[in-house]
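Only one structure is covered here, and it is reproduced in the block below.
The values are calculated or read from the model by the stated rules, or taken from the named source; none is laboratory data. Just so it is clear, the model here is predicted, and its values are computed rather than measured. Cβ atoms come from the backbone with ideal geometry, glycine included; neighbour counts cover every protein chain shown. Only protein heavy atoms, including side chains, enter the accessible area calculation; ligands, DNA and RNA are left aside. Shrake-Rupley method; radii C 1.70, N 1.55, O 1.52, S 1.80 Å.
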Amino acid sequence: MHTIILDSETDFEGWRKAARSLALDNIAPRDVTWSVRGTEPELFDSASDPFPGGSQGGVFNVPAQFVELAQAAILHRDPERFALLYRLLWRLRMNHDLLSLATDPDTARVRDMAKAVRRDEHKMHAFVRFREIGRERNSHFVAWFEPDHHIVELAAPFFMRRFADMEWSILTPDLCAHWAEQPMSFTSG
């Protein structure tokens, strides 16, 4: 059994690196456990090396559409998303047309997850309303939003472009975005 510990709930690059390494070493999805730093298995749970060893030289290709879907779906709150995405990647190595099969349960589920993330991003863009705190030079605009998924980093650049001339913060339970000139910063929720 291989345990992969990602740095955060939205660690796409970490997932991608681990998934590529696992797939090149022919590690089946059923032999992989995915978790996020801070939620690792307990001391006495069985866990093996985080990455298999000999995958430095191989390559394989997946459709670009899969990368787009995976980048969106990984922001979903479903705790099984990492395993689902790896299972789909595993299957795509042998069947490049898998994403065109609307009846495939893994494909349909990943598409639904990506759609839910995009809908949540749209809701954030549409419904966030700022309130001014302070006066004149000391004013700061603050908004509260409770997203269904991990979309703050995805949605925040919209507000940076839209409200570039004002200092603002968007507070959420998981992550907060702050803009006061440059660069945009994020703090825990």
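A compact table of results
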{"quantity": "Loop-exposed trypsin sites (Lys or Arg not before Pro) per DSSP, neighbour cap 11 Cβ within 10 angstrom, longest uninterrupted part of the chain", "calculated": "1-128"}
{"quantity": "Most mobile listed residue (120, 112, 97) in the chain, GNM with C-alpha springs under 10 Å", "calculated": "97"}
{"quantity": "Helix-derived mean residue ellipticity, 222 nm - over the chain, DSSP H n ≥ 4, -39500 (n - 2.57), to 500", "calculated": "-11500 deg cm²/dmol"}
{"quantity": "Nitroxide proxy distance, nm - points 7 Å out along Cα→Cβ at residue 96 and residue 8", "calculated": "3.4 nm"}
{"quantity": "More than 19 Å apart - percent of Cα-Cα pairs taken over region 131-189", "calculated": "24 percent"}
{"quantity": "Rounded to 10°, Cα long-axis angle of helix 152-162 versus longest principal axis of the chain", "calculated": "40 degrees"}
{"quantity": "Using a Förster distance of 30 Å, the FRET efficiency for residue 123-residue 1 (Cβ separation, nearest 0.05)", "calculated": "0.20"}
{"quantity": "Per residue accessible area in Å² of region 101-157, where ligands, DNA and RNA are left out and the probe is 1.4 Å", "calculated": "66 Å²"}
{"quantity": "q = 0.08, 0.09 Å⁻¹: log10 I(q)/I(0) that the Debye formula gives for the chain, counting C-alpha atoms only", "calculated": "-0.34, -0.42"}
{"quantity": "Calculated FRET efficiency for the pair residue 148/residue 16, C-beta based, R₀ 25 Å, to 0.05", "calculated": "0.60"}
{"quantity": "Hydrodynamic radius of region 100-159 per Kirkwood, over alpha carbon pairs, in Å", "calculated": "13.8 Å"}
{"quantity": "Positive-end extreme of charge dipole, region 77-189 - chosen from 143, 160, 90 (charges on Cβ)", "calculated": "90"}
{"quantity": "Length added when fully stretched, residue 162-residue 135, from 0.36 nm per residue minus Cα-Cα", "calculated": "7.6 nm"}
{"quantity": "Charge dipole (debye, nearest 20) of the chain; +1 at Cβ of Lys and Arg, -1 at Cβ of Asp and Glu", "calculated": "560 debye"}
{"quantity": "Most mobile of 121, 136, 153 in a GNM of the chain (Cα contacts under 10 Å)", "calculated": "136"}
